[in-house]
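One structure is given here, and the rest of the page talks about it.
The values are calculated or read from the model by the stated rules, or taken from the named source; none is laboratory data. A quick note: this is a predicted structure, and the numbers were derived from the prediction, not measured. A quick note on method: Cβ atoms are made from the backbone with ideal geometry, for glycine too, and the neighbour counts reach across all protein chains shown. Heavy atoms of the whole protein, side chains included, go into the accessibility calculation; ligands, DNA and RNA do not. Shrake-Rupley method; radii C 1.70, N 1.55, O 1.52, S 1.80 Å.
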Amino acid sequence: MSFNFILQWWESNAPMIQLLIDALGQTLNMVFASGLIGFALGIPLGVLLHVSKKKGLLENHILNKVLGIIVNIGRSIPFIILLVAIIPFTRFLVGSSIGTAAAIVPLTIGAIPFIARLVEGALLEVPSGLVEAAQAMGATPLQIICKVLLPEALPGIINGIIITLVTLVGYSAMAGTVGGGGLGDVGIRYGYQRFDAGVMLITVIMLVILVQIIQSLGDHLVKRFDHR
Amino acid sequence: MIKIQNVHKIFYQGEKKISALQDINLNISQGCIYGVIGASGAGKSTLIRCVNLLERPTIGSVIVDGVDLTALSAHKLTLARRKIGMIFQHFNLLSSRNVFYNIALPLELAGTDKETIHIKVNALLKLVGLMDKKTTYPANLSGGQKQRVAIARALASDPKVLLCDEATSALDPASTLSILNLLRKINKTLNITILLITHEMAVVKGICHEVAIIGDGKLVEHGKVGDIFAHPKTTLARDFIRSTLNLTIPEDYQVRLHATHIPNSYPLLRLEFTGKSVDVPIISQIARKFNIDINILSSNMDYVGGLKFGLMLAEILGEPEAAIEAIAFLKENKIEVEVLGYVV
């Protein structure tokens, strides 16, 4: 399969192009929508996990245990199962269990515990001496979180965001199961089920490029914010 | 300014009870530079952390500027801490903020407006001599510069007290000296009470007015620096002073050293000068008086608070009787003499 082959295929499959563009839009939609909501909920959850720890800023053993168990349950359910298992919840939330919007719900639910653990890990890297110095300065717990913990862990958190987005690109391929569309879905339906190797290859290449872009953008941001 | 009353601190390590501090009482007056010295694990770090309640005493109270911190609510304590600056051995600067914003942090916490922050931080940068490093990130500063930033940060909220937790222990001798000079300047110009803990006697000698010696969680001795150096009452205090002087017998002497007098051997002495010793040119006097030669191997004499003290290793060459008489004469002049052995 050479480059020429793809060019030839491209010329003779003009209608496919629109399909691929739409699919890319759906993938981006799913990845960034679920990512954004996931960060909005996952980052605070990660912070809570970190500060409620033993000897943490706001030590709370019970809260830490409960959150830990919930996050672990979320992390242990295979995504394809989560996708169908929460259909009633999805229907309640977006009014339908099929389509791109419906796929965003399980993607978000899957992303939240994932992000929470990554954020927790990033916060763990912040030297405890900094928190102590802030306490000695007379910082309130909320100020310590906003002015010390999160800014100091920012490079790690950005890294976590990138890992999450890339993982979501992978998960979004499974969203075809609930009619969510996207590049992975096109690859399976047109490439695999209709034996169209060209479509398969193009979707894979598009996904590779997408992941590359996300990763290099992230690396650039980490570099910019990392003053350690 | 700082009153530590009857403070005990007990740590639990599983079932084991570790008594880190026992019945500590200290009274530090306004404007004083107070040093607490002790070996590693003596409890000095726990003690200084008890002053701003980073570590809450198990029993006892800590009174800073007339306020009993141990009796305050969490929120009131947070506010009270803004009047107590602290610097650390490892600086604890935020890597995500440049020098300017590191110093601005305590002001931000207190909700100070931007303009005031600007004026204040610039004044502090000038005070610590880092005007040209304003936009530098801590990762690109040397240890001494980092500690200067930390000092500026600690001073930003106009504290009445500055706590220094091993502030110079991670620095080279030249940086240590410049940081100590800066602390002295701050103490003089801003009239801030400084409590510092250290394991280096040189730091205490360098800038402290008063000193306390802590060992095994207990305060064993405290007083004016000159007095403690000159008249140490406890063995721990004495060991500390000796440790700073650090005189060891050279190895080739150790090989030739005999416990008892044998023919053609000379006594090797350790002379200890304390505040009680009569201040006369004693070495040349005994040389003349008893017709002996004195070979000084090593010597470490110091002058603190108007008093001379120190240790000296010397061998006395001459007739055995003359040596005995010379030793007696030294003792008469209140110099402590220990015969370490006889060198062949």
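Among the residues of the range B:75-94, those identified as without any contact (Cβ under 8 Å) to a residue 24 or more places away in the chain and at the interface with chain A (Cβ under 9 Å from one of its Cβ atoms) are B:His75, B:Thr78, B:Leu79, B:Ala80. For A:Leu183, the criteria (1) more than 14 Å from every other protein chain (Cβ to nearest Cβ); (2) surrounded by fewer than 21 Cβ atoms within 10 Å (Cβ to Cβ) hold in every case but one, which is (2). Restricting attention to the range B:219-261, the residues being part of a strand (DSSP E or B) and hydrophobic (A, V, I, L, M, F, W, C) number 3. Does B:Gln30 satisfy the criteria of being buried (at least 16 other Cβ atoms within 10 Å of the Cβ) and either touching a Ser or Thr at 6+ places or on another chain (Cβ under 9 Å) or closer than 22 Å to B:Val64 by Cβ (or both)? Answer is no for this residue.
Among the residues of the range A:88-96, is there at least one that is in a helix (DSSP H, G or I), within 23 Å of the chain's Cα centre (by Cα), small (Gly, Ala, Ser) and away from every other protein chain (no Cβ under 14 Å)? The answer is no; no qualifying residue exists. Determine whether B:Asp227 is acidic (Asp, Glu), open to solvent by 20 Å² or more (accessible area, probe 1.4 Å), touching a residue at least 60 places away in the same chain (Cβ under 8 Å) and under 30 Å from B:Leu195 (Cβ atoms). Here the answer is yes, as B:Asp227 does meet what is asked.
Tallying residues that are free of Cβ contacts under 8 Å to residues at least 24 places away in the same chain, surrounded by fewer than 20 Cβ atoms within 10 Å (Cβ to Cβ) and assigned to a loop (DSSP other than H, G, I, E, B) within the range A:46-64 yields 6.
Taking the condition without any contact (Cβ under 8 Å) to a residue 60 or more places away in the chain, facing chain A (nearest Cβ under 10 Å), of a type in the set (D, E, K, R) and in contact with a Pro (Cβ under 9 Å, 6 or more places away or on another chain), does B:Arg97 pass? The answer is yes for B:Arg97. When you scan the range A:111-118, do you find a residue that is more than 14 Å from chain B (Cβ to nearest Cβ), out of contact with any strand residue (DSSP E or B) (no Cβ under 9 Å at 6 or more places or on another chain), among the charged types (D, E, K, R) and farther than 16 Å from A:Leu58 by Cβ, even just one? Checked against the condition, which is being more than 14 Å from chain B (Cβ to nearest Cβ), out of contact with any strand residue (DSSP E or B) (no Cβ under 9 Å at 6 or more places or on another chain), among the charged types (D, E, K, R) and farther than 16 Å from A:Leu58 by Cβ, the range A:111-118 yields at least one hit. Only one of the numbered conditions (1) within 13 Å of another protein chain (Cβ to nearest Cβ); (2) more than 20 Å from B:Tyr34 (Cβ to Cβ); (3) surrounded by 21 or more Cβ atoms within 10 Å (Cβ to Cβ) is not met by B:Ile151, and that is (2). Among the residues of the range B:100-129, those that are open to solvent by 30 Å² or more (accessible area, probe 1.4 Å) and within 11 Å of chain A (Cβ to nearest Cβ) comprise B:Tyr101, B:Glu108, B:Ala110, B:Gly111. Output yes when any residue across the range B:41-54 is β-branched (Val, Ile, Thr), open to solvent by 10 Å² or more (accessible area, probe 1.4 Å) and either more than 20 Å from A:Gln143 (Cβ to Cβ) or touching a residue at least 60 places away in the same chain (Cβ under 8 Å) (or both), and no when none is. Within the range B:41-54, one or more residues are β-branched (Val, Ile, Thr), open to solvent by 10 Å² or more (accessible area, probe 1.4 Å) and either more than 20 Å from A:Gln143 (Cβ to Cβ) or touching a residue at least 60 places away in the same chain (Cβ under 8 Å) (or both). Within the range A:136-149, the set of residues being hydrophobic (A, V, I, L, M, F, W, C), more than 14 Å from B:Leu54 (Cβ to Cβ) and either without any contact (Cβ under 8 Å) to a residue 60 or more places away in the chain or within 9 Å of another protein chain (Cβ to nearest Cβ) (or both) comprises A:Leu142, A:Cys146, A:Val148. Scanning the range A:135-151 for residues that are under 32 Å from the mean Cα position of the chain (by Cα) and either at positive phi or assigned to a helix (DSSP H, G or I) (or both) turns up A:Pro141, A:Leu142, A:Gln143, A:Ile144, A:Ile145, A:Cys146, A:Lys147, A:Val148, A:Leu149, A:Leu150, A:Pro151.
Residue count for the range B:262-302 satisfying the condition of being assigned to a loop (DSSP other than H, G, I, E, B) and surrounded by 15 or more Cβ atoms within 10 Å (Cβ to Cβ): 5.
Answer with yes or no whether B:Ser61 is open to solvent by 10 Å² or more (accessible area, probe 1.4 Å), away from every other protein chain (no Cβ under 14 Å) and assigned to a loop (DSSP other than H, G, I, E, B). So B:Ser61 fails the test. The condition of being out of contact with any Cys (no Cβ under 9 Å at 6 or more places or on another chain), without any contact (Cβ under 8 Å) to a residue 12 or more places away in the chain and either among the β-branched types (Val, Ile, Thr) or closer than 20 Å to A:Val31 by Cα (or both) holds for only one of A:Val222, A:Val208, A:Val199, A:Val178, that being A:Val208. For B:Leu311, state whether it is under 20 Å from B:Ser243 (Cβ atoms), open to solvent by less than 30 Å² (accessible area, probe 1.4 Å) and assigned to a strand (DSSP E or B). Yes.
A quick yes/no check of all residues on (1) open to solvent by 20 Å² or more (accessible area, probe 1.4 Å); (2) touching a strand residue (DSSP E or B) at 6+ places or on another chain (Cβ under 7 Å); (3) over 28 Å from A:Met16 (Cβ atoms):
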position	(1), (2), (3)
A:Ile144	no, no, yes
A:Tyr190	yes, no, no
A:Met200	yes, no, no
A:Val222	yes, no, yes
A:Arg228	yes, no, yes
